[in-house]
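Contents: one structure, followed by commentary.
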Amino acid sequence: MAGKRALGAWTALVYLFLYAPIVVVIVYAFNGGRQVLNWGGFSTKWFGAALDDPTITEPFTNSLLVAAGNAVIACVLGTALALALPRMRPWLRLPLDALVYMTLVTPEIVFGISALIFFVQAGNWLGLGSILGLKTILIAHVVFNASVVALIVRARFVGMGQTLEEASYDLGAGRVATFRQVTLPALAPAVLAGGLLAFTFSFDDFITSFFVSGAGSTTLPLRIFSSLRFGVSPIINAAAVMILAVTLAAVVLAYLVLRRSEQGRRRATPVPGL
Amino acid sequence: MAVEASSLSARRRRGAIRAGAGGPRYPGWLALPAVAWYALFFLAPLSIMAVFSVATRVGFTEIVYSFDLDNFRYLWDPLYGRVFLRTLGLAFFGTIATLLVGFPVAYYLARYARRRTLLLLLIVVPFWTSFLIRTYSWLIILDRDFPVFRALRSIGVLPEDLQILYTSKAVYIGVVYNYLPLMILPLYAALERMDWSLVEAAQDLGDSALRAFRRVTLPLVVPGIAAGSLLVFIPLMGEFLIPVILGGDLTVYAGNLIGQQFLTARDWPFGAAIAMVVIAAMTVLVLAYARLVGGEEQHGR
């Protein structure tokens, strides 16, 4: 099978293409030299320098705060939406479905500038002056992250079927008790995974944050971007590796949570193959 | 399906939740907080942007609300026409290039690969990591002093005076790199459902491998190709970051034009007008896709 081997080789090349750039950033973050491309020996000194530099640690803290707040709000809004949507009448459900997808497919630049116009006008009308800052970044991030959570939780909600909830009713549990003791535990992994992904989306976000940030509300991606004007530097690579580490940890955690719960569910099924 | 839906709504009308009457129907008001958020922070901003696109700019930053189509008339200028053509070119290039690069990968994963879950996860991971970092990593790789680049030049594989960074070439590379996972995933999803015995049957019955591919495989993956193309094409029409980081002064696309109006030119109504054009083009594409896929499904039944 020459064709199979050729396909395999091509696939390997594409994986190399996908990972080489990320590996390059990580490797050069450990470059002890002053210039990015002049190798000055292995060193972790740029991580120390980054953690000592308030123009990096402050944006880092800002990013963590915004991403965490965004994840919590997105989880609440998205989960509630995911519960309400599947059993709604079509004339209500279809437009809401479309709205959810719209928040995800609208080019970020379009959403970013419209949010900028909106917040500036809102500040003027309310007589508050400029309201651009971490709060506006958070508000804007929740828009698309609530949709991410809603889609993930809904997939789980629809997938779990109604048998468990029906059984709970049959056994005399009320609506609230059924939700607390049956539905929510079954959905919890999806909510958690959705929240983690919402966290990484927000933590990584550049374009939306770029337009709705104000003076003194720099996030880490914004800080990295502004220094790219002067070219890449080792300290920026170190900051980038910090971002990669946080998001990769969150993504892997989300993956493990989802996979584990699915395996557990399969094992717990009383009838094999159901 | 229809019977089920109507009996559900009949039950809802009675408002009865009894034992054995199906699961709980969560009240519709649970959707309210999210819908309110969308209305206030998504639909309202888009509406204000639409209003701005026909507003008039007075002086440097003042805006007068009006119904002024001049902002759209400016767009007829050949200067902007070239930007839109360049943007379409970028979107077409990105779609076709990711399809050509990604299809063999999706095919291999779906048909031959063994550790499928892991390999698929490895496709998704770059997609979840920072777009900004993935883009700027090419600033290092395409630097003329990057060891691999320098070695390739010194042994004559690449011409000595080759400059990729800050040209449209770098933008194209960045686009393929960043959007590849978005193409591979739907292709894989379509190919994964393939019944490969059909391909073998066609070949057993005398079709060449190529002919079997064209007649059996390809028709079955068209929905995947359409979905992947949409996922790549749409965001590319508004692509902003890749040209800003990897491109030069000559690589201005629609997204950058929009950004400029808000960052440097301070002509918000004009920027809003360009954004409206991008949204209009996007809507047309999504509707065309919905018709294509909807038609396929009906055809399938």
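Within straight-line reach of B:K169, meaning a Cα separation under 14 Å, sit the following aspartates and glutamates at least 8 residues removed in sequence or on another chain: B:D143, B:D249. Quick one: net charge around A:Q121, please, counting Lys, Arg +1 and Asp, Glu -1 for every other residue with C-beta under 15 Å from its C-beta. Cβ neighbours under 15 Å give a net charge of 0. In units of the rule-of-thumb radius 2.2 N^0.38 Å, region B:89-267 shows an alpha carbon radius of gyration of 1.24. Taking the square roots of 5 times each eigenvalue of the Cα gyration tensor of region B:28-86, largest first, gives ellipsoid semi-axes of 33, 17, 8 Å. The longest part of chain A holding none of the exposed loop chymotrypsin sites (Phe, Trp or Tyr not before Pro), meaning those outside H, G, I, E and B in DSSP with at most 14 other Cβ atoms within 10 Å, is A:40-229. Choose one of A:L13, A:S261, B:W29: the residue whose Cα lies farthest towards the positive end of the charge dipole of the protein assembly as shown (beta-carbon charges +1 Lys, Arg; -1 Asp, Glu; about the Cα centre). Of the listed residues, the answer is A:S261.
Listed values for region B:280-287 are Karplus-derived 3J(HN,Hα) couplings in whole Hz (6.51 cos²θ - 1.76 cosθ + 1.60, θ = phi - 60°), namely 4, 4, 5, 4, 4, 5, 5, 5, and x replaces Gly and Pro. Taking the accessible area of chain A, probe 1.4 Å, and keeping the other protein chains in place, the carbon and sulfur fraction comes to 68%. Estimated from helices alone, the mean residue ellipticity of the protein assembly as shown at 222 nm is -24000 deg cm²/dmol (sum of -39500 (n - 2.57) over DSSP H runs with n ≥ 4, per residue).
Reported value for region A:54-266: 147 Å³ per residue, from the convex hull of its C-alpha atoms.
Over the protein assembly as shown, with a single point scatterer placed on each C-alpha, what log10 of the ratio I(q)/I(0) does the Debye formula yield at q = 0.05, 0.06, 0.07, 0.10 1/Å? The computed values of log10 I(q)/I(0) come out as -0.24, -0.35, -0.48, -0.99. For the peptide B:97-103, the mean number of other protein chain Cβ atoms found within 10 angstrom of a residue's Cβ is 1. Sequence-distant contacts, meaning Cα pairs under 8 Å at least 6 residues apart, place the relative contact order of chain A at 30 percent.
The Rg/Rh ratio for chain B, using Cα coordinates for both the radius of gyration and the Kirkwood hydrodynamic radius, is 1.06. Comparing B:L119, B:L241, B:L88 in a Gaussian network model of chain B (Cα springs below 10 Å), the most mobile by mean-square fluctuation is B:L119.
The values are calculated or read from the model by the stated rules, or taken from the named source; none is laboratory data. Only a predicted model underlies this, so the values are computations on that prediction, with no experimental measurement involved. Every residue, glycine among them, receives a Cβ derived from its backbone with ideal geometry; neighbour counts consider all protein chains shown. We work out accessible area using only protein heavy atoms, side chains counted, and drop any ligands, DNA or RNA first. Shrake-Rupley method; radii C 1.70, N 1.55, O 1.52, S 1.80 Å.
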